[in-house]
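Scroll down for the structure; my scribbles are underneath it.
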Amino acid sequence: MKALSLEAPLQWRRLDIPAPAMPGPGEALVRVDTVGICGTDLSGYLGKMPFFSYPRIPGHELGVEVVAVGSGVTQVAPGDRCAVEPYINCQQCYACRRGHTNCCEKHQTLGVHCDGGLRPQFLVPARKLHISRQLSYEQLALVETLAIGCHAVNRSGLQAHESCLIIGAGPIGLATLEFVKLTGAKTIVLDMHPGRLEFCRRVMGVTQTLQPSSQLEQELRDLTDGHLPDVVIDATGNNQSMSNAFGLITHAGRLVFVGITTDIVQFKHPQFHRPEGTLLCSRNALSADFTRIIRLIEEGRLDTGPWITHRTRFDELIEVFPLFTRPETGVIKAVVEVGA
């Protein structure tokens with residue numbers, strides 16, 4: 001069976017691996033149809049993702065078909081189309097017992113800490129499969145990206161009467177934007193790339209977009225009735241942007257880091273203490289987020305159509321992957337057709 005592995009940063013390898021065994025108790029064997037490429041994959045390729053281990057078969061945004069199930073599995077059956085919740089948790093640690101399965105103390109994300117979906121078939125805990133009888137495999141592969149944004153907005157506690165600044169209009173920023181819009185809050189997007197901001201205006205319906213400038217604080221005040229945003233969500237993974245974000249919240253505001261960096265993030269304490277700011281980190285997502293997102297897509301309240309800008313075949317991925325790291329290529333979301 002063929003697979004694609006990142007042996008080290010910038011170093012792909014084609015592998016021949018054994019076919020998976022039949023599923024054991026609580027497991028399902030799945031056939032991979034579609035894999036989404038996300039910022040974690042790009043950061044892993046570039047050597048900038050702190051949780052990524054090598055060598056590793058990437059791929060955690062997955063649209064799959066159930067091939068077989070092990071004993072005790074009743075929630076899915078062969079032939080079911082599913083999104084995969086790729087956060088494998090132990091179910092026993094203190095975090096898991098309190099419902100924080102997204103940050104399990106023994107957490108393993110498919111394609112990051114353990115091998116993922118850039119292979120035709122693999123075994124997964126059946127409890128991590130989320131069925132839809134309406135969505136396509138491409139739509140199912142986008143559920144995980146959207147779940148990251150859903151969880152970040154939930155963490156922020158954003159309310160309809162508030163304002164929210166999203167910094168970074170890459171895939172995670174756009175996923176966050178979808179759920180900010182659903183709250184009814186005033187929405188502002190900041191990004192350094194004009195093409196991404198134009199996409200937000202034209203496709204995502206955002207009327208208030210900004211580029212970084214020396215006048216940014218005043219520009220934000222002009223858009224928020226004289227004060228700064230109630231919530232700032234930084235989805236850049238850039239330490240300089242994250243450091244600057246401490247100065248962009250209003251009094252009693254909240255700052256959420258959904259992007260991640262290996263570099264130092266720093267701020268002057270009085271700047272954040274004076275407005276009594278709250279700092280939150282958002283990691284992964286919860287099972288309920290996957291359930292909610294599938295329902296929203298099925299109901300037509302989330303449209304995944306505009307997201308996919310690039311498609312590639314499994315056997316072509318190594319050659320085209322470097323293009324996905326370049327903003328000038330206009331990539332919003334690339335998907336890999338594994339089952340084609």
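Things to note:
- Between amide H atoms placed 1.01 Å from N, distances below 5 Å from Gly117 occur with Gly59, His60, all of them 5 or more places distant or on a separate chain.
- Residue by residue, the range 316-327 carries 3J(HN,Hα) couplings of 10, 4, 4, 6, 8, 4, x, 5, 5, 8, 10, x Hz when phi is fed to the Karplus relation 6.51 cos²θ - 1.76 cosθ + 1.60 (θ = phi - 60°); x denotes Gly or Pro.
- Here the simple spin-label model places points 7 Å from the Cα toward Cβ, and for Arg221 and Ile264 these points are separated by 3.1 nm.
- Distance cut-off 27 Å, percentage of C-alpha pairs in the chain lying past it: 44 percent
- Cα lying deepest toward the dipole's positive end in the range 114-169, options Leu123, Ala160, Ser136, charges on Cβ: Leu123
- Net charge of neighbours whose Cβ lies under 14 Å from the Cβ of Pro229, counting Lys and Arg as +1 and Asp and Glu as -1: -4
- Segment Ala252-Gln75, length gained on full extension (0.36 nm per residue, minus Cα span): 59.4 nm
- Peptides 230-240, 185-195 ranked from most to least packed by the mean count of surrounding Cβ atoms within 10 Å: 230-240, 185-195.
- Positive minus negative residues near Gln211 (Lys, Arg vs Asp, Glu; Cβ under 12 Å): -2
- Taking amide H as placed 1.01 Å from N in the peptide plane, the amide H of Arg311 sits under 5 Å from that of Val335, each at least 5 places away or on another chain.
- Normalised contact order of the range 149-281, rounded percent, pairs of Cα under 8 Å and 6 or more residues apart: 23 percent
- Peptides 316-325, 123-132, 267-276 ordered by packing proxy, namely the average of other Cβ atoms within 10 Å per residue, highest first: 123-132, 316-325, 267-276.
- Considering only beta bridges that DSSP places wholly inside the chain, some 55 percent are antiparallel.
- For the chain, size of Cβ-based charge dipole, Lys and Arg +1, Asp and Glu -1, in debye: 480 debye
- Share of Cα-Cα pairs in the range 149-281 lying beyond 25 Å, as whole percent: 14 percent
Since every read-out is calculated from the coordinates, none of them should be taken as a lab result. Quantities reported herein were computed from a predicted structural model and do not represent experimental measurements. Every residue, glycine among them, receives a Cβ derived from its backbone with ideal geometry; neighbour counts consider all protein chains shown.
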